[in-house]
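Engineer: Can you keep this structure in mind? I'll have questions shortly.
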């Protein structure tokens, strides 16, 4: 009987800690970075060209323009990705666009709201792309889960930047 009480108490404690996570951790932040042996202008142009994105994010099925502005800021796209055999539709909005310096993207993917702030710099002919990302959810349960998946989110975005590096450095 004592063992059952200990097990139930442990399970209850785990559930309480999990549910409290959503109250105290409102968003999950992380950064990733990659250095590329190409000039800054080439890196920025290649990165911000919507037609190229499928080359480093293989899960993308389609990208459709919903609204495109000349200055890029405010442009909205519909993106369909495949995740474990399931199609997920999200919207992407360009929140900030400063040529050869920065692009900030906001994604609304069902229960995930994500802001990707990419900054670009160059030193001695080597360009650096840095992503500062922030994830949150409008669903309480998802907000409880996200902090525990920070490492997964970070690894995914690092892999995309590594794919981008490989793609652009293989181009002549």
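Derivation of every value follows stated rules applied to the coordinates shown; laboratory data play no part. Computed from a prediction, not measured in an experiment: that's the story for all the values here. Cβ: placed from backbone, ideal geometry, glycine included. Neighbour counts: every protein chain shown.
Engineer: With Rg and the Kirkwood Rh both taken from Cα atoms, where does Rg over Rh land for segment 1-65?
Structural biologist: A ratio of 1.36.
Engineer: May I ask you to work out the translational diffusion coefficient for segment 33-113 at 37 °C, viscosity 0.692 mPa s, via Stokes-Einstein with Rh from the Kirkwood sum over Cα pairs, reported in whole µm²/s? Show your work: numbers first, answer last.
Structural biologist: Numbers: Rh = 13.8 Å.
Answer from the Stokes-Einstein relation: 239 µm²/s.
Engineer: So what's the angle, to the nearest 10 degrees on a 0 to 90 scale, between helix 2-24 and the longest Cα principal axis of the chain?
Structural biologist: Helix 2-24 sits at roughly 40 degrees to that axis.
Engineer: While we're looking at this one, here's another question. Can you give the Kirkwood hydrodynamic radius of the chain from its Cα pairs, in Å with one decimal?
Structural biologist: Numbers: mean 1/r = 0.0558 Å⁻¹.
The Cα-based Kirkwood calculation yields 17.9 Å.
Engineer: Then there is this: Label 7 Å along Cα→Cβ of residue 108; segment 46-88 residues with amide nitrogen under 15 Å?
Structural biologist: Counting backbone N atoms under 15 Å from the label point, the list is 66-67, 74-79.
Engineer: Let me ask another. Give me the percent relative contact order of segment 46-106, please, defined on Cα pairs under 8 angstrom at least 6 residues apart. Mind showing how you got there, number by number?
Structural biologist: Values: 97 pairs, mean separation 13.7, N = 61.
23 percent.
Engineer: I've got another one for you. How much length, in nm to one decimal, is gained on full extension between residue 167 and residue 12, taken as 0.36 nm per residue of separation minus their Cα-Cα distance?
Structural biologist: Numbers: separation 155, 0.36 × 155 = 55.80 nm, distance 4.83 nm.
Result for the pair: 51.0 nm of gain on full extension.
Engineer: Would you mind checking the tilt of helix 150-170 against the longest principal axis of the Cα atoms of the chain, expressed as 0 to 90 degrees and rounded to 10?
Structural biologist: It is inclined by approximately 20 degrees.
Engineer: Okay, moving on. Residue 100 versus residue 27, label points 7 Å from Cα toward the beta carbon: distance in nm?
Structural biologist: 2.9 nm
Engineer: If you don't mind, another one. Considering only C-alpha atoms, what is the centroid distance from segment 23-70 to segment 128-172, in Å?
Structural biologist: That distance is 10 Å.
Engineer: Here's another thing I want to ask about it. Work out, step by step, the length gained on full extension between residue 60 and residue 121: first 0.36 nm times the residue separation, then minus their alpha carbon distance; give nm to one decimal.
Structural biologist: On the way: separation 61, 0.36 × 61 = 21.96 nm, distance 2.67 nm.
Result: 19.3 nm gained on full extension.
Engineer: Continuing with this model, one more query. Counting pairs of alpha carbon atoms under 8 Å apart in space and at least six apart in sequence, what relative contact order in percent does the chain give? Write down the numbers at each step before the final one.
Structural biologist: Details: 301 pairs, mean separation 49.9, N = 172.
Value for the chain: 29 percent.
Engineer: While we're looking at this one, here's another question. Taking Rh as the Kirkwood radius computed over C-alpha pairs, what is the Stokes-Einstein D of segment 120-172 at 10 °C in a medium of viscosity 1.306 mPa s, expressed in µm² per second?
Structural biologist: 119 µm²/s
Engineer: Shifting gears a bit: Mind computing the radius of gyration and Dmax over the alpha-carbon atoms of segment 97-144? Å is fine for both.
Structural biologist: Answer for segment 97-144, Rg first and Dmax second: 14.4, 46 Å.
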